[in-house]
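S.K.: This is the structure I have questions about; it appears just below.
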Amino acid sequence: MKPSNFRPVAYDGGVLTLLDQTRLPQDEIYEQFKTVEAIALAIEHMVVRGAPAIGLAAAYGIVVAAHRGTPLSEADARLRRTRPTAVNLFWALDRMKHVWLQGTDIQPLEDEAHAIHQEDAANCLRIGEVGAEFIPDDATILTHCNAGALATAEYGTALAVIRAAHSQGKRIRVLADETRPWLQGARLTTWELMRDGINVTLICDSAVAHLAGRGEISCAITGADRIAKNGDVANKIGTRGVACILQMHELPFYVAAPWSTIDLSLETGAQIAIEERSEQEVTHIANHRTAPEGVAARNPAFDITPAAWVSNLFTERGATGQNIAHGLASISSPTL
Ligand code: MRU
């Protein structure tokens, strides 16, 4: 697998640089962030998005705070308030807090954030290898949202599996669904895969059941924002619908995620906080109003897919197998 030629998150000398994902695919613009408040707003407004990338941006946010002399407890609290669902944010901030509680020197904080960055890239590479074993030759793979290099340090999670299968010479075709309302599939997944020369076709979210019914989908693979101890998966709104459709058609539904996405402190997915975003994302498309003025709208940004609908979970520690809870317990055990 080759690394991509864009960097969603980069840090140097007290400045965080983010590829502005709100501007893709039209413009590839890198913006610099020099304060914690600016970084927190960038996470909230999805300049940077995707569970591991959010964690990484927050980790660098602590380093930026140390450079500026911003109290680290304030920076930590502000960054924790940005987005509630992806556990990687809290996981990364916990790692940084462990360092700053021992002293507020900048160098150890920078080293820790760089370690999170490098580990995530290595984990994604490994997730790709683990998952690609389950992708047959000549497969049509559906993916939802964007769990690609844009959402991680490098390679992606679901898209790492696709990239690994492709680089092994398997003939694969990808169906990217649009992923209303934010259009991560239409805007980001297609952009990434086209740059890598991977065969990708954009479909409407509502076309999934039709294509599955016609035998035009071999399997689906998505990322995750938080996975509970029993294997329930929080991911982008619409994931549960995709998993339900795949289950009805007896097709495999796979999830790919680093261990940093697994939250063993929660027994089930019912305990995962689901972010509700602005109604405007539903009533408008690209700032153009598509619904009547004054209409009520709801915008839950994530949903929970029951573990029973997930055929396998690919992590850097291996695949859990169909009994996700059992698999998580065995691969997290230090004796195995
Ligand atoms: O709201 P987003 O775009 O941050 O949601 C992203 C997703 O749901 C991804 O599937 C998930 O974070 C995994 S990214 C490797």
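The values are calculated or read from the model by the stated rules, or taken from the named source; none is laboratory data. Predicted model, so just to flag it, every value in this text is computed and none were measured. Cβ placement follows ideal geometry from the backbone for every residue including glycine, while neighbour counts extend to all protein chains displayed. Note: areas computed on protein heavy atoms with side chains; ligands, DNA, RNA excluded. Shrake-Rupley method; radii C 1.70, N 1.55, O 1.52, S 1.80 Å.
S.K.: Between Glu293 and Glu31, take the C-beta separation as r, use R0 = 35 Å, and let me know the FRET efficiency to the nearest 0.05.
M.R.: Values: r = 32 Å, r/R0 = 0.92.
Once rounded, the FRET efficiency stands at 0.60.
S.K.: Estimate the FRET efficiency between Arg81 and Arg171 by the formula 1/(1 + (r/R0)^6), using the beta-carbon distance for r and 51 Å for R0, to the nearest 0.05.
M.R.: Using R0 = 51 Å, I get an efficiency of 0.65.
S.K.: In addition: Describe numerically, in nm with one decimal, the distance between label points set 7 Å from Cα along Cα→Cβ at Ser73 and at Gln107.
M.R.: Result for the modelled spin labels: 2.7 nm.
S.K.: Rounded to the nearest 500, what is the 222 nm mean residue ellipticity of the chain from helices alone, with -39500 (n - 2.57) per DSSP H run of 4+ residues and division by all residues?
M.R.: The helix contribution divided over the chain gives -11000 deg cm²/dmol.
S.K.: Relative to the longest principal axis of the C-alpha atoms of the chain, give the angle of the C-alpha long axis of helix 239-248, reported between 0 and 90° and rounded to the nearest 10°.
M.R.: With rounding to tens, the tilt is 20 degrees.
S.K.: Which of these, Thr143, Thr268, Thr315, has the largest mean-square fluctuation under a Gaussian network model of the chain (Cα springs below 10 Å)?
M.R.: Among Thr143, Thr268, Thr315, the largest GNM mean-square fluctuation belongs to Thr268.
S.K.: Among Pro252, Pro108, Pro52, determine the one that fluctuates most according to a GNM of the chain built with springs between C-alpha atoms less than 10 Å apart.
M.R.: Looking only at Pro252, Pro108, Pro52, the biggest GNM fluctuation is shown by Pro108.
S.K.: Let's test this: bin the Cα-Cα distances of the chain at 20 Å from zero up to the farthest pair and state each bin's percent.
M.R.: With 20 Å bins starting at 0, P(r) equals 33, 59, 8.
S.K.: If you don't mind, another one. If you add up the charges near Leu246, with Lys and Arg at +1 and Asp and Glu at -1, over every other residue whose beta carbon is less than 15 angstrom from its beta carbon, what do you get?
M.R.: -3
S.K.: Counting only protein heavy atoms and a 1.4 Å probe, tell me what percentage of the chain's accessible area is made up of carbon and sulfur. Mind showing how you got there, number by number?
M.R.: Details: 7100 of 13790 Å².
Result for the chain: 52 percent of the exposed heavy-atom area is carbon or sulfur.
S.K.: Separate question: Where both residues lie in the chain, what percent of DSSP beta bridges are antiparallel, nearest 5?
M.R.: 50 percent
S.K.: Gaussian network model of the chain, Cα springs within a sub-10 Å range: biggest mean-square fluctuation belongs to which of Asp232, Asp196, Asp263?
M.R.: Most flexible of the set in this elastic network: Asp196.
S.K.: Compute the accessible area per residue over the range 9-123, keeping the other protein chains in place, probe 1.4 Å, unit Å².
M.R.: With the other protein chains kept in place, the range 9-123 gives 40 Å² per residue.
S.K.: Could I ask something else about it? Output needed: percent of Cα pairs per 10 Å distance bin for the range 133-331, bins running from 0 to the one holding the longest distance.
M.R.: 9, 36, 37, 15, 2, 0
S.K.: At 1.4 Å probe size, with every protein chain present, just tell me what the per residue accessible area of the range 127-211 comes to in Å².
M.R.: Value for the range 127-211: 32 Å² per residue.
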